[in-house]
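Novice: If you scroll down you'll find the structure; I have some questions about it.
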Amino acid sequence: MDVISVMLGVPPEDRDSVRGWADVLLHREAGRAEIPEEGRRGAANLYRYFATKVGERRARAGDDMI
C-alpha cells in the first residue's frame, strides 16, 4: 500500500490511515463474502479522503497520479 500511496501522492503523515481504511475494507471473515460494517466505514473514509484530494488537485495540479 505504501508504493500505491506514493504514486497517488498521499502524504507520509496520512499513509497509516489510508492503509488502515483499505485493510478493513478488504478484510473478510472466513466463509463470508459480505463487507462488514467496519469495512463500509473504511470505504467511506477512503472515499472522503480521495474526494478531498481530487478537489485539491483540481485547484492545484501536482505530479502524482491523482
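Novice: Could you work out the helix-only [θ] at 222 nm for the chain, with each DSSP H run of four or more residues adding -39,500 (n - 2.57) and the total divided by the number of residues, to the nearest 500 deg cm²/dmol?
Specialist: Working: 3 runs with 42 residues, N = 66.
One gets -20500 deg cm²/dmol as the mean residue ellipticity at 222 nm.
Novice: Next question. Which residues make up the longest stretch of the chain that has no GluC sites (Glu not before Pro) in a DSSP loop with at most 13 other Cβ atoms within 10 Å?
Specialist: Working: sites that count: GLU29, GLU34.
After excluding every exposed loop site, the longest remaining stretch is 35-66.
Novice: Measure off, as a whole percent, the carbon and sulfur share of the 1.4 Å-probe accessible area of the chain, all protein chains present.
Specialist: 56 percent
Novice: Here's something else I'd like to know. Kindly express, to the nearest 10 degrees and within the range 0 to 90, the angle between helix 37-59's C-alpha long axis and the longest C-alpha principal axis of the chain.
Specialist: The angle comes out near 10 degrees.
Novice: Compare the Cα positions of ALA30, MET1, ILE66 along the charge dipole of the chain (+1 at Cβ of Lys, Arg; -1 at Cβ of Asp, Glu; about the Cα centre) and return the one farthest towards the positive end.
Specialist: Farthest towards the positive pole: ILE66.
Novice: Percent relative contact order of the chain, based on C-alpha pairs within less than 8 angstrom and at least six residues apart? Don't skip to the end; give the middle numbers.
Specialist: On the way: 44 pairs, mean separation 23.0, N = 66.
Relative contact order for the chain comes out at 35 percent.
Novice: Can you tell me the accessible area per residue over the chain, all protein chains present, probe 1.4 angstrom, in square angstrom? Present the calculation step by step, with values, prior to reporting the outcome.
Specialist: Values: 4840 Å² over 66 residues.
So the chain comes to 73 Å² accessible per residue, rounded to a whole number.
Novice: For the chain, modelled as a Gaussian network with Cα springs under 10 Å, which listed residue fluctuates most, GLY55, GLY42, GLY20?
Specialist: Residue with maximal mean-square fluctuation among GLY55, GLY42, GLY20: GLY55.
Novice: Same structure again: So which trypsin sites (Lys or Arg not before Pro) in the chain end up in coil per DSSP with only 14 or fewer other C-beta atoms within 10 Å?
Specialist: Details: sites: ARG15, ARG19, ARG28, ARG32, ARG40, ARG41, ARG48, LYS53, ARG57, ARG58, ARG60; in loops: ARG28, ARG32, ARG60.
Counting only loop positions with at most 14 other Cβ atoms within 10 Å, the trypsin sites (Lys or Arg not before Pro) in the chain are ARG28, ARG32, ARG60.
Novice: log₁₀ I(q)/I(0) of the chain at q = 0.12, 0.18, 0.20 Å⁻¹, via Debye over equal Cα point scatterers, no solvent, to two decimals?
Specialist: -0.35, -0.69, -0.80
Novice: Using unit Cβ charges (K, R positive; D, E negative) and no other charged atoms, how large, in debye to the nearest 20, is the dipole of the chain about its Cα centre?
Specialist: Values: 11 positive and 12 negative charges, 58 e Å.
The calculated dipole for the chain is roughly 280 debye.
The values are calculated or read from the model by the stated rules, or taken from the named source; none is laboratory data. These numbers come from a predicted model, not from an experiment. Ideal geometry is used to build each Cβ from the backbone, glycine not excepted, and the neighbour counts take in all protein chains shown. The area values use the complete protein model at the heavy-atom level, side chains included, leaving out ligands, DNA and RNA. Shrake-Rupley method; radii C 1.70, N 1.55, O 1.52, S 1.80 Å.
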